[in-house]
Amino acid sequence: MTTTGYLAVSIGLALIGVIAAFFIGRFTAPKHPKKPEGLTVAELIQQIVHDSHDGIVVLNHFGDVVLHNPRAEELGIVRNNRVDDRARKAAEGVRSSNEVVYVDLSPLDGYRTGRQPEAVHAEVRLLVENFIVVDATDESEAVRLEKTRRDFVANVSHELKTPVGALALLAEAVLDASDDQDEVRRFSAKIMQEATRLGTLVTELIALSRLQGAEKLPELSDTEIDVVINEALSRSKLAAESVNISINVDEPSGFVVPGDRSLLVTALTNLLDNAVAYSPPGSPVSVSRRLVDGHVEIAVTDRGIGIAEDQQIRVFERFYRVDKARSRATGGTGLGLAIVKHVAANHGGEVKLWSLPGTGSTFTLRIPAAAAEQNPTPVPAGTGDSGGEL
């Protein structure tokens, strides 16, 4: 074989070796794992922290912020990447004791902005090594409910104390006047009046408690508005006649709403009783109904003393009275309009007020209509017993 032949064979063998080494290396070399599809565990944890309803802050051993979520800034725990000094001091306590520390991080007086909550409580604990985590929660709603509860208990105590004290004094007067039949009858009538007032107050407190969620409300069913108005009128008839007040009612409508009849009757009766109580004797009260934007509106209008603009929002508060003297004289409890407001809310509606001092007031109970009421068929005049005058 010539030199050229030997050279060609050598080059061929070398190429075969390179190709073989390439394929051997390709199939024997460790394969790099493919990146998993979707989010990694670290990315999931980061997303959870970012979207958490609680404010999360991680501090290093110097007390510097190394991680925090947007909620921490909303709660006012972190400002300009610096943690609240109260949280920083709590973190120092955790490092020295290795125990969980609870701290109040509520905004200080004069430092609270419109977006910040009223009450913020945090748990500060050791995370790993020298890192401390501050876990803060907005407790504003719980604080507000507790304040509402305390106010409610205080108001109830005050309201109950008056008739109970009156009953005790009247009972003592009856005992002292046991030999005078006329005095006994007079004091007994007052005892009956105070007992009735006390019973009404307790009944309305129970109704209000039920409406505010202490008891599950019944399922709503199709309820005829004409029936509700008729029943409310019958309940208010005696009080209206006693002060020579006529209640004028428009014609039956045939409107139907998904609701609880007894609650709607109670709400409308309260509006009628208020209209009668705050109207001068002999003046008229009117009741009308109409369909507006898919809602049935029942309006009760009086020609009474009216309500000043600055008091119109407060009249729906529990125990609030526009005229305390008149309310006491008529046996009012101050809960009637609060009950109306909650009945409307539990039906997905509302109660609206228009009033002008010296002219009168109009309270409108607005309840979503049943689906079939979007195109109601008018009821012919005179085909019901709710039209005309009471």
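Please compute the net charge surrounding Ser178, taking Lys and Arg as +1 and Asp and Glu as -1 over other residues with Cβ under 15 Å from its Cβ. Taking every other residue near Ser178 into account, the sum is -4. Computed on protein heavy atoms with a 1.4 Å probe, the accessible areas place Glu194, Glu43 in the order Glu43, Glu194, largest first. Here the accessible area is traced with a 1.4 Å probe on the protein chains. For the stretch 217-372, carbon and sulfur cover 52 percent of it. Solvent-accessible surface of the stretch 46-139, taken per residue with a 1.4 Å probe and all protein chains present: 61 Å². In order along the stretch 257-265, the Karplus-derived 3J(HN,Hα) couplings, from 6.51 cos²θ - 1.76 cosθ + 1.60 at θ = phi - 60°, round to 10, x, x, 9, 4, 4, 5, 5, 5 Hz, and Gly and Pro are given as x.
Excluding ligands, DNA and RNA, the accessible surface per residue across the stretch 217-372 is 43 Å² with a 1.4 Å probe. Within the shell defined by Cβ-Cβ distances under 13 Å, the residues around Arg95 carry a net charge of 0, with Lys and Arg each +1 and Asp and Glu each -1. Over all other residues within a Cβ to Cβ distance under 13 Å of Arg82, the charged ones net out to -1, with Lys and Arg as +1 and Asp and Glu as -1. Counting only heavy atoms of the protein chains and using a 1.4 Å probe, Thr223 has close to 10 Å² of accessible surface. For Val120, the amide hydrogen comes within under 5 Å of the amide hydrogens of Leu105, Ser106, Glu139, counting only partners 5 or more places away or on other chains and with H modelled in the peptide plane. Rg and Dmax over the alpha-carbon atoms of the stretch 46-139 stand at 12.3, 37 Å.
The values are calculated or read from the model by the stated rules, or taken from the named source; none is laboratory data. Please read all numbers here as calculations on a predicted model, not as lab measurements. Every residue, glycine as well, gets a Cβ built from its backbone with ideal geometry; the counts of neighbours run over all protein chains shown. Please note that ligands, DNA and RNA were not included when accessible areas were found on the heavy atoms of the full protein model with its side chains. Shrake-Rupley method; radii C 1.70, N 1.55, O 1.52, S 1.80 Å.
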